[in-house]
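S.K.: Mind looking over this structure? Questions follow.
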Amino acid sequence: MTEPLLQVRDLRVHFPLRGRGGVVKAVDGVSFNVPAGRTVALVGESGCGKSTTAYAILGLEPATSGEVRFDGRDITRLDRAGRRALAGDMQIVFQDPSAALDPKMTIADSIGEPLAIQGWKSAAAARRVFAVMDLVGLPASFAGRTPNALSGGQRQRVVIARALALSPRLLVLDEPVSALDVSIRSQILNLLMNLQAELGLAYLFISHDLSVVRHIADEILVMYLGTIAERGLTDPVFAAPTHPYTEALLSAIPLPDPVAQRRRRRIVLTGDLPSPLAIPPGCPFATRCPLAQPRCVEVRPVLAPSPSGQAACLVRIPAADPDAATRAAQR
Amino acid sequence: MSAASPPAADAPLLVVDDLAVTINGASVVDGVSLSLRRGRVLALVGESGCGKSLTALSILGLLPKAARRVRGRVTLDGQDLTALDERALARVRGDQASVIFQEPVASLNPLMRVGDQVAEALRLHRGLTGEEARREAVAMLTRVGIPDAERRAEAYPFELSGGMCQRVMIAAALVCQPKLLIADEPTTALDVTVQAQILGLMHGLRAEAGATILLITHDMGVVAEMADDVAVMYGGRIVESGPVEELFADPAHPYTRLLLATIPRLDGRRKEHLRTIEGVVPTADQWPDGCRFRSRCPLAADICSRTPPLEPVRSAVRRAACWRTAEAAALA
């Protein structure tokens, strides 16, 4: 059996608060794999830890504990040289293409920058730049332009071309279409699907937009306050989610169909996310959960097999109770 | 209240007639006419640069400095707002009509307790004293779903979440019971579960108080949920309008049809290629002559170099500005 391209094991990213003695547990025990050529989506609302997870994988944020392996190799704590060597295999595309590009650099120089850093000869680099521009559908005539002469969608193509320059095997896509207009989003999503089919890329796709995620992802991980609430293959999770948070999240998306939307029953959560400084000891979702029982406030559930994959919910999945899990192991 | 002649009860509350706005001479809103009846929600929908926000801001004279209204009239409950000077407009704002903006945190005064920000309109427009205004402000904060409003009224915006700040904005906008609420992307900056709360709140206000809402959004899901009527904008013009169910069921304008078809759907075929609208929105100084969508329209023909009028299509209550609505049905 081949090993998954990316393996994340019990990853934690904690931020100690200077002077105040507290700790923000942005990511608190997250495990998953991204197989080669597949799309795994991390979804959740602001503060759930999805972006911090991605940054820790890329070494942009130091992991407090846990392990990240790429192609079988431990990459959790690499030095600068190790990171630079890894840049050929793993790249990130950020949400806002305008912020991700130097306004004074030409498109060709921006796309060629990773090649220059890796010491490519200029003639070979130039050939590669035009090859990836072609790959992402940018006309060669754009090479000498600066980002301000381009539209938002074209800029995101430039950012994707730059990420592809070194022929990576994994792209981390952090809300890649959220800053784009509706009519441009579908162009970029189609491009990402084409590139995956052509190049066999693996995607770690981070998004708060569940309609987009459902369209593009093979597997989905729903995060809530630094932990995974539910995971599974896209179809079963969307068809019949197990975790009440996933249910609420799905029911909250307004459908672009007035007849269907007005017939829907919506689960409206009360209250806001708890402060990341005061995450409850039990289920992190218990403070807003319509199903919460007294035990949910005390015991932190673990991921256990569910009809749609795995879910961490004591009410729906009795095996998610860590005590039950221990008892089962002892039997 | 103004002493304009009392309008008939069934007359529209808000009428925008042939509004045109330019920025440095470039046409950003061109010939927009809207009519909003009492108790209804009209969604003005389109992508960035379509002119929807500038249209909304024009209504209360809130255009940014660079923008200029060059044509058109806005009438609120029979009163011509475009004839008012800045002082008179300031009396209308927050009293007869209010705006809530996309960024609740940026739109609140960071140095003022949120209760005072809600009470301010009451002191200004209703002449209430400090204590009366405070009491009413707390009651309003409770109505928009802020728990423990008595205590939260003492908080500064940075102490509240984004969803709470948007509730404060809505409370401040509604506390004087305005006839018209203009909501400019009211949930765009919020998480989806918080968006659901705010949309629920707006539904409630409508049902209880019969609020009349002009909703500005790019989100077709929010339109489908909230609106009675829709006006779709492209290139500073209304390209299509009508009741929400009819319009979504069978859009008449190629732009509306394609826009709806580009959105990934929760019930669509996964991993399939999505419909796209080719090209990009031209900048405001580079609109093509005639129909402004024709540079991206798959149905564009010679006739489209003439500006199509917004004319009845499909039914008596629908309008579209397109020469080729008969062919559009085959598009998507």
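S.K.: Can you tell me the FRET efficiency between A:R127 and B:E272 if r is taken as the Cβ-Cβ distance and R0 is 41 Å, rounded to the nearest 0.05?
M.R.: FRET efficiency, A:R127 to B:E272: 0.75.
S.K.: Note the per residue figure in Å³ for the convex hull of the C-alpha positions in the range B:56-146. Working shown, then result.
M.R.: Details: hull volume 12.2 nm³, N = 91.
Value for the range B:56-146: 134 Å³ per residue.
S.K.: Taking amide H positions as placed in the peptide plane 1.01 Å from N, state which residues far from B:R40 in sequence (5 or more) or on other chains have amide H under 5 Å from it.
M.R.: Distant-sequence amide H within range of B:R40: B:I213.
S.K.: Which of A:P139, A:S178, A:A123 sits closest to the plus end of the dipole of the range A:123-184, meaning its Cα is farthest towards the positive end, when Lys and Arg get +1 and Asp and Glu get -1 on the C-beta?
M.R.: It is A:A123.
S.K.: As I understand it, the value is the acute angle between the Cα axis of helix B:114-126 and the longest principal axis of the Cα atoms of chain B; what does it come to in degrees, rounded to 10?
M.R.: 90
S.K.: Still on this structure: Evaluate the charge dipole of the protein assembly as shown about its Cα centre and quote only its size in Debye, nearest 20, assuming +1 on the Cβ of each Lys and Arg and -1 on the Cβ of each Asp and Glu.
M.R.: 540
S.K.: Let me ask something else. Cα-based Rg of the range B:156-199 per 2.2 N^0.38 Å, rounded to two decimals?
M.R.: On the way: Rg = 10.9 Å, N = 44, 2.2 N^0.38 = 9.3 Å.
Output field value: 1.18.
S.K.: Give me the orientation-averaged projected area of the Cα convex hull of the range A:213-313, in nm², one decimal.
M.R.: That works out to 7.0 nm², a quarter of the Cα hull's surface.
S.K.: Of B:A137, B:Q166, B:Q117, which is farthest on the positive side of the dipole of the range B:105-177, counting Cα position, with +1 on Lys and Arg Cβ, -1 on Asp and Glu Cβ, and the Cα centre as origin?
M.R.: The residue sitting farthest along the positive end of the dipole is B:Q166.
S.K.: For the protein assembly as shown, what log10 I(q)/I(0) values come out of the Debye formula at q = 0.07, 0.08 1/Å, with one point per alpha carbon and no solvent?
M.R.: For the protein assembly as shown at q = 0.07, 0.08 Å⁻¹, log10 I(q)/I(0) is -0.51, -0.67.
S.K.: Taking N as the number of residues in the range A:1-54, what value does Rg over Cα atoms divided by 2.2 N^0.38 Å take?
M.R.: After normalising by residue count via 2.2 N^0.38 Å, the value is 1.40.
S.K.: Net charge around B:P186, counting only other residues with Cβ within less than 15 Å of its Cβ (Lys, Arg = +1; Asp, Glu = -1)? Mind dumping the intermediate values first?
M.R.: On the way: positive: B:K52, B:R167, B:R206; negative: B:E103, B:D184, B:E185, B:D191, B:D219, B:E225.
Within the 15 Å Cβ shell, the charges total -3.
S.K.: How big is the convex hull of the Cα atoms of the range A:255-331, per residue, in Å³?
M.R.: In the range A:255-331, the Cα hull volume divided by residue count equals 136 Å³.
S.K.: Considering every residue in A:257-268, what mean count of other chain Cβ atoms within 10 Å of its Cβ is obtained? Can you show the working numbers first?
M.R.: Values: counts 11, 16, 5, 5, 8, 4, 0, 1, 0, 4, 2, 7.
Taking the mean over all residues of the peptide, I get 5.
S.K.: Let me have the relative contact order for the range B:105-177, percent, based on Cα pairs under 8 Å that are six or more residues apart.
M.R.: It rounds to 47 percent for the range B:105-177.
S.K.: Among B:37-45, A:260-268, what's the highest-first ranking by average C-beta atoms within 10 angstrom per residue?
M.R.: With the highest mean Cβ count within 10 Å placed first, the list reads B:37-45, A:260-268.
S.K.: Given the Cα-Cα distance of B:A88 and B:A301 and 0.36 nm per residue of separation, how much length would full extension add, in nm?
M.R.: Gain in length upon complete extension: 71.9 nm.
S.K.: OK, next. Once you place label points 7 Å from the Cα toward the Cβ at B:V317 and A:T270, how far apart are they in nm?
M.R.: Here the answer is 3.7 nm between the modelled labels.
S.K.: Averaged over its residues, how many other protein chain Cβ atoms are within 10 Å of peptide A:271-280's Cβ atoms?
M.R.: Whole-number average of other-chain Cβ neighbours for A:271-280 is 2.
S.K.: Let me ask another. Starting from the Cα coordinates of the range A:1-110, work out the convex hull volume and express it per residue in Å³.
M.R.: Residue-normalised Cα hull volume stands at 160 Å³.
S.K.: Between A:D28, A:D102, A:D79, which gets the highest mean-square fluctuation from a Gaussian network model of chain A, Cα cutoff 10 Å?
M.R.: A:D79
S.K.: Given the Cα atoms of the range B:215-274, and with Rh set as the inverse mean 1/r over their pairs in the Kirkwood sense, what is Rg to Rh to two decimals? Please report the intermediate quantities before stating the final value.
M.R.: On the way: Rg = 12.0 Å, Rh = 12.4 Å.
Rg/Rh: 0.97.
S.K.: If I take R0 = 51 Å and measure r between the Cβ atoms of B:E245 and A:A85 in this structure, what FRET efficiency does the formula 1/(1 + (r/R0)^6) give, to the nearest 0.05?
M.R.: According to the calculation, E is roughly 0.35.
S.K.: Quick one: if the Förster radius is 25 Å, what FRET efficiency do A:D323 and A:L277 give, using the C-beta to C-beta distance and rounding to 0.05?
M.R.: Working from the Cβ atoms, E equals 0.35.
S.K.: Under Stokes-Einstein, with the Kirkwood radius over Cα pairs standing in for Rh, what whole-number D in µm²/s applies to the range A:47-204 at 25 °C and 0.890 mPa s?
M.R.: Diffusion coefficient, whole number: 151 µm²/s.
S.K.: What is the extension gain from A:M105 to A:S31, computed as 0.36 nm multiplied by their sequence separation minus the C-alpha to C-alpha distance, in nm to one decimal?
M.R.: 22.8 nm
S.K.: Give me the percent relative contact order of chain B, please, defined on Cα pairs under 8 angstrom at least 6 residues apart. Spell out each step's value before the answer.
M.R.: On the way: 608 pairs, mean separation 64.5, N = 332.
After rounding, I find 19 percent.
S.K.: So what are the three principal axis dimensions of the range A:109-195 from its Cα atoms, in whole Å, longest to shortest?
M.R.: 39, 29, 18
S.K.: Using helices alone, what [θ] at 222 nm do you get for chain A, with -39,500 (n - 2.57) per DSSP H run of 4 or more residues, divided over all residues and rounded to the nearest 500?
M.R.: When only DSSP H runs of four or more count, the value is -10000 deg cm²/dmol.
S.K.: Here is a follow-up. Can you pull the mean other chain C-beta count within 10 Å for peptide A:208-215?
M.R.: Counting Cβ atoms of other protein chains within 10 Å of each residue's Cβ and averaging gives 4.
S.K.: Report, in degrees rounded to the nearest 10, the 0 to 90 angle that the Cα long axis of helix B:162-174 makes with the longest principal axis of chain B.
M.R.: Tilt of helix B:162-174: around 80 degrees.
S.K.: GNM on chain B, C-alpha springs below 10 Å: top fluctuator among B:K271, B:K52, B:K65?
M.R.: Among B:K271, B:K52, B:K65, the largest GNM mean-square fluctuation belongs to B:K271.
S.K.: Given q = 0.13, 0.25 Å⁻¹, what are the Debye log10 I(q)/I(0) values for the range B:105-177, with equal point scatterers placed on the Cα positions and solvent ignored?
M.R.: One equal scatterer on each Cα of the range B:105-177 leads to -0.29, -1.11.
S.K.: Hey, rough spin-label estimate for B:R71 and B:E327, points 7 angstrom out along Cα→Cβ, what's it come to in nanometres?
M.R.: For the pair B:R71/B:E327, the computed spacing is 2.8 nm.
S.K.: Ordered by residue, what ³J(HN,Hα) values in Hz, to whole numbers, does the range A:14-31 give under the Karplus form 6.51 cos²θ - 1.76 cosθ + 1.60, where θ = phi - 60° and Gly and Pro are x?
M.R.: 10, 10, x, 8, 4, x, 9, x, x, 9, 8, 8, 5, 10, 9, x, 10, 10
S.K.: Treat each spin label as a single point 7 Å out from the Cα along the C-beta direction, and report the A:A116 to B:M112 distance in nm.
M.R.: 4.9
S.K.: What does the charge add up to near A:Q310, with Lys and Arg as +1, Asp and Glu as -1, over the other residues with Cβ less than 13 Å from its Cβ?
M.R.: Summing Lys and Arg as +1 and Asp and Glu as -1 gives 0.
S.K.: Just the projected area, averaged over all directions, of the convex hull on the alpha carbon atoms of chain B: how many nm²?
M.R.: 18.2
S.K.: With the Cα gyration tensor of the range B:156-268 in hand, give its eigenvalues times 5 under a square root as the equivalent ellipsoid semi-axes, listed largest first in whole angstrom. Walk me through the numbers on the way to the answer.
M.R.: Numbers: eigenvalues 153, 58, 33 Å².
Values for the range B:156-268, descending: 28, 17, 13 Å.
S.K.: Tell me, what are the semi-axes, in whole angstrom and largest first, of the equivalent ellipsoid of chain A as set by the roots of 5 times the Cα gyration tensor eigenvalues? Could the numbers behind the result be given before it?
M.R.: Values: eigenvalues 274, 110, 66 Å².
The equivalent ellipsoid of chain A has semi-axes of 37, 23, 18 Å.
Just so you know, all these numbers are worked out from the coordinates, no wet-lab data involved. Just so we're clear, the structure is a prediction, and the values are computed from it rather than from any experiment. Heads up, the Cβs are rebuilt from the backbone with ideal geometry, glycines too, and the neighbour counts pull from every protein chain shown.
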